Structures are given as C-alpha cells and as structure tokens.
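Each remark here refers to the structure printed beneath this line.
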Amino acid sequence: MSEFRIHTKDSAPEAALETLAKVESAYGFVPNLLATMAEAPALANGYFALASLFEQTTLTPVQRQVVLLAASRENECEYCMAAHTAGAHGARVPADVVEGLREGRELADPKLEALRRFTTAVVGKRGWVEDREVDAFLRAGYTRAQVLEVILGVGLKTLTNYTNHIAKTPLDREFEPVRWRKGVNR
C-alpha cells in the first residue's frame with residue numbers, strides 16, 4: 001500500500017518550508033493536507049499561491065466558500081468538505097447555506113444557488129458546460145470574469161481533492177467536529 005508522509009518542519013523538503021511556515025502563521029497549525037503536499041514542494045507552493053490568488057478575485061468571501069464547498073462535494077472529498085465547512089463558519093457563511101452545500105440541496109438565496117449550480121456543472125462536466133448554463137450564471141448577476149474565477153476555484157479544489165483522494169489524507173482534529181462523509185451527507 002502506498003502511504004504518504006505527513007511532513008513536519010523537520011522532515012519536509014527545504015523548498016516547502018517557507019510555505020509551511022506561512023500556512024502555520026495564517027492558521028495556527030499546518031493542516032495535514034499541506035503537510036502531505038510538502039512531499040512535492042511545487043504542489044504545496046502552487047496550492048498556496050493559487051489559494052492566495054483566489055482570495056483576490058471579485059467573488060465575496062461567502063461566494064468563494066460556496067465554490068470551494070460545491071466543488072469539494074461534487075468531487076466527494078471528505079477532507080475538503082470538513083476543512084471548508086470550518087472555513088465557511090469562519091467566513092460567516094450563513095448556517096443554512098453551509099448545510100445546503102454539505103447536503104447538495106438547493107440554496108434559498110437565488111444568487112448563491114446559481115453559483116452552486118454553475119460550480120457543480122463545471123466540475124461534473126469537466127468544464128464542458130452548456131451556453132445556457134453560462135447564461136443562467138450571468139443572468140443571476142455574475143460577470144464573465146467571475147465565470148473564469150470559478151474555474152480558478154475549481155482548479156484549486158482539483159489540486160486538493162485529488163491529493164486527498166490519492167494520499168488518503170487523515171482529517172485534522174481541528175476539523176473533526178464538522179466531519180463529512182460521502183454517501184452519508186447526501
């Protein structure tokens with residue numbers, strides 16, 4: 001069986017140390033995901049850079065969390081669903097929105113629902129969304145730039161979701177209270 005190491009500052013490759021230090025400074029700990037990604041410093045550094053860029057988009061903090069949770073759910077990533085549930089609480093995403101995203105059900109807020117649907121379509125159809133889906137997203141009040149920003153968020157989640165699937169990243173104790181299990185939370 002292929003086991004992936006959860007690195008510490010003492011075991012991580014030198015090229016990943018700066019990113020791990022930044023992550024620890026930002027979150028107060030190094031999540032197992034980043035500690036696992038450190039095995040390939042380019043992946044850890046790339047993820048951190050993309051996450052920073054995603055925060056600079058025109059999407060609001062709540063909208064960014066909708067993208068991250070919707071993509072993670074569509075990819076059935078248990079680790080990211082828990083981590084982003086915690087992040088959504090920190091970003092003050094309304095509880096009903098978080099629960100709707102965790103359960104994969106329609107959101108009451110029409111604009112957030114349009115974002116959830118579009119993100120799910122981008123992931124589920126591997127980018128081959130139909131014009132009518134893009135048009136519905138634009139009619140909901142989003143811009144063409146935000147179509148592309150959703151793609152950035154989906155790319156970010158592809159890195160993490162696939163890493164977690166392959167490495168079987170164990171959930172951090174900090175995320176345990178909001179654990180999510182595929183098939184159970186559907």
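The values are calculated or read from the model by the stated rules, or taken from the named source; none is laboratory data. Note that the structure is a prediction, hence the values are computed from the model and not measured. Cβ: placed from backbone, ideal geometry, glycine included. Neighbour counts: every protein chain shown. Only protein heavy atoms, including side chains, enter the accessible area calculation; ligands, DNA and RNA are left aside. Shrake-Rupley method; radii C 1.70, N 1.55, O 1.52, S 1.80 Å.
Please verify whether residue 97 is assigned to a helix (DSSP H, G or I), surrounded by 14 or more Cβ atoms within 10 Å (Cβ to Cβ) and out of contact with any Phe, Trp or Tyr (no Cβ under 9 Å at 6 or more places or on another chain), treating the condition exactly as stated. Taking the combined requirement at face value, the residue satisfies it.
Candidates in the stretch 162-181 are the residues that are surrounded by 16 or more Cβ atoms within 10 Å (Cβ to Cβ) and of a type in the set (A, V, I, L, M, F, W, C); of these, the one that is nearest to residue 81 (Cα to Cα) is 180.
Within the stretch 1-55, the residues that satisfy the criterion of being in a loop (DSSP other than H, G, I, E, B) and closer than 18 Å to residue 68 by Cα are 31, 55. Could you check the stretch 138-161 and list, in sequence order, the residues that are without any contact (Cβ under 8 Å) to a residue 60 or more places away in the chain and either open to solvent by 30 Å² or more (accessible area, probe 1.4 Å) or assigned to a helix (DSSP H, G or I) (or both)? Within the stretch 138-161, 138, 139, 140, 141, 144, 147, 148, 151 qualify.
Within the stretch 61-71, does at least one residue satisfy the condition of being of a type in the set (Gly, Ala, Ser), at pLDDT 95 or above and either open to solvent by 70 Å² or more (accessible area, probe 1.4 Å) or assigned to a helix (DSSP H, G or I) (or both)?
yes
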